[in-house]
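What follows is a single structure, written as structure tokens, with notes after it.
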Amino acid sequence: MSDHRYAIIGAGPSGLSAARALQKAGIDFDGFEASRGVGGLWDIENPRSTMYDSAHLISSRTTTEFAEFPMRTRADYPSHRELVTYFRDFADHFGLTERFRFDTKVTSLERTEDGGWMLRSGGVAGDAGEPTEQRYDGVILANGTLAEPNVPAFRGEFTGELLHTSAYKSATQLTGKRVLIIGAGNSGCDIAVDAVHHAASVDMSVRRGYYFVPRYLFGKPSDTLNQGRPLPARLKQFVDTRVLRAFTGDPVRFGFPKPDYKIYESHPIVNTLILNHLGQGDLRIVPDIDRFDGRTVCFRDGSSGEYDTVLLATGYKLDYPFVDRSELAWSGMAPRLFLNAFTPSFNGLYVMGMIEASGIGWQGRYEQAELIAAYLVALERHPDRAAAFRTRVTSEPWPDLTGGYHYLGLERMSYYVNKDAYRSAVRAATQALRTDAASRPSRRSRLVRTRAGVPGSGSHAAGKAAEKKVTA
Ligand SMILES: Cc1cc2nc3c(=O)[nH]c(=O)nc-3n(C[C@H](O)[C@H](O)[C@H](O)COP(=O)(O)OP(=O)(O)OC[C@H]3O[C@@H](n4cnc5c(N)ncnc54)[C@H](O)[C@@H]3O)c2cc1C
């Protein structure tokens, strides 16, 4: 076991990935989970869960599961109930459950004078314990990215029921109501499909067009096709646009605007039931919102409708409420982190799961955890490798994680990556940390240093600070 001790915040798929990777690397840790058990948002009973009764995996089982722990189900797209069982089995199987303190919420993280972190936590279940504090050498933040609702400002006031999808649990909430869903992301489309069986009427307001991917193509889960060596972005866009046109037709026929971007430049919607229901006349697509006026919603094209419930499928905001934003180098809507995990100041905070990507799965998150574990191992046993890693991060351009796709410049895309580009960059960095290759400066780094003398002053200071910590 290591001399250092780390904390992991959250026992969802990302926290469990971190726990397993640290366990395998022989690194000591304590886990903290605000809810009653493992599984994160897949446990619908977790007060922070944004799951709903009808939710199933959107990515398919084999592309999503942990490679070392296949799921014991035949379903290609299992339900959240099966998934929470899977995470419990995973945690029990590897002896991770007992490493977490449940019903324990982390309330603050503050730097200690000796370069560590003071973690304060408290019980969440009524009288469950006094607040406690404990020092750690570093902390892995795996508290999830889909819990804090993003609620846009609208002109006017809606006097009916205004809900965010985070508060949606069951279709019975919509029984007999005139429902307007704002936004057509994966959750918005799932809920629309639920709603048509219960609501009095369902409209969906959209700003832009979307690409709809069927769950099955050629009789197989669609995301299992073209695995392995990824096609170049342009070729994949060319081929998949035509395949989708052949299978799902043109969503414009059903009332959606024509997308003003190419496929994969935003998150695709894995749901074609919504198109079936549009074809059956069960719901309508309406334009973007202009303003609310009592129960009336006025749309940008001058039309309007009366509603009982407005459901905001407007996504989520990143939130790390227990630590000062400057510690995570926030830039706009997201922390600016190397490979979405390492703070450029190497201050001992590591972020897990801050990756939005089509098809990254839990294995992708586990590989991210392996990289963090490889760095922590290097800190203790191969400080030269850890120092070389930091030098690269602070003096070289960061890898391009777009995979050649031009992502929409939307706030919600601020931490979006291409899964293949991301996983290959993460694997390369892990490999470098595990071998002496990491301690040899790359050609690019030598060039940067020769030209500039030293790397940029801020980065250099950060590197020095981190070096001090390693040798302490
Ligand atoms: C409807 C729906 C469908 C989805 N489908 C897919 C899919 O098909 N494939 C896919 O890869 N992803 C999917 N996702 C994305 C989902 O976010 C990930 O699968 C996964 O749950 C992310 O894991 P996580 O551990 O990062 O976060 P979470 O699952 O959100 O877990 C975070 C954990 O941290 C805990 N926590 C938070 N704050 C604190 C604190 N202060 N102290 C202690 N504990 C804290 C929470 O209680 C929670 O248990 C879906 C999401 C939704 C909502």
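The values are calculated or read from the model by the stated rules, or taken from the named source; none is laboratory data. Quick caveat, the model's predicted, so the values are computed rather than measured. Ideal geometry is used to build each Cβ from the backbone, glycine not excepted, and the neighbour counts take in all protein chains shown.
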Report every pair of residues separated by at least 6 positions or lying on different chains whose Cβ atoms are under 6 Å apart, first residue within region 356-381 and on the phi > 0 side of the Ramachandran plot, second part of a helix (DSSP H, G or I) and near the ligand (Cβ under 9 Å from one of its atoms). Gly359/Thr63; Gly361/Thr63; Gly361/Thr64
Counting only residues that are surrounded by fewer than 17 Cβ atoms within 10 Å (Cβ to Cβ) and not in a helix (DSSP H, G or I), how many does region 415-438 have? 1
I need the full set of residues from region 138-161 which are buried (at least 18 other Cβ atoms within 10 Å of the Cβ) and either more than 15 Å from the ligand (Cβ to nearest atom) or among the aromatic types (Phe, Trp, Tyr) (or both), in order please. Gly138, Phe158, Gly160
Could you go through region 246-268 and let me know if any residue there is without any contact (Cβ under 8 Å) to a residue 40 or more places away in the chain, aromatic (Phe, Trp, Tyr) and not assigned by TED's automatic domain parsing to the domain that holds Leu57. yes
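Among the residues of region 256-314 satisfying the criterion of being touching a Cys at 6+ places or on another chain (Cβ under 6 Å) and assigned to a strand (DSSP E or B), which is nearest to Asp240 (Cα to Cα)?
Out of the qualifying residues, it is Ile269.
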From the list Leu217, Leu244, Leu235, pick out the single residue that is out of contact with any Ser or Thr (no Cβ under 6 Å at 6 or more places or on another chain), buried (at least 16 other Cβ atoms within 10 Å of the Cβ) and farther than 25 Å from Asp288 by Cβ. Leu217
Might you let me know whether region 342-350 holds any residue that is within 16 Å of the ligand (Cβ to nearest atom), assigned by TED's automatic domain parsing to the domain that holds Leu141 and touching a strand residue (DSSP E or B) at 6+ places or on another chain (Cβ under 9 Å)? yes
Restricting the search to region 171-186, which residues are small (Gly, Ala, Ser) and within 23 Å of the chain's Cα centre (by Cα)? Gly183, Ala184, Gly185
Within region 53-71, how many residues turn out to be under 12 Å from Gly361 (Cβ atoms), near the ligand (Cβ under 9 Å from one of its atoms) and in a loop (DSSP other than H, G, I, E, B)? 4
Would it be correct to say that Arg20 is among the basic types (Lys, Arg), surrounded by 20 or more Cβ atoms within 10 Å (Cβ to Cβ) and either touching a residue at least 12 places away in the same chain (Cβ under 8 Å) or not in a loop (DSSP other than H, G, I, E, B) (or both)? yes
Inspect region 192-205 for any residue being part of a loop (DSSP other than H, G, I, E, B), at pLDDT 95 or above and within 25 Å of Lys258 (Cβ to Cβ) and give the result as yes or no. yes
What are the residues in region 386-414 that are touching a residue at least 40 places away in the same chain (Cβ under 8 Å), assigned to a loop (DSSP other than H, G, I, E, B), on the phi < 0 side of the Ramachandran plot and small (Gly, Ala, Ser), if any? Ser414
Six or more apart or on different chains, Cβ atoms under 6 Å: show the pairs whose first residue is in region 85-106 and among the β-branched types (Val, Ile, Thr) and whose second is part of a helix (DSSP H, G or I). Thr97/Ala91
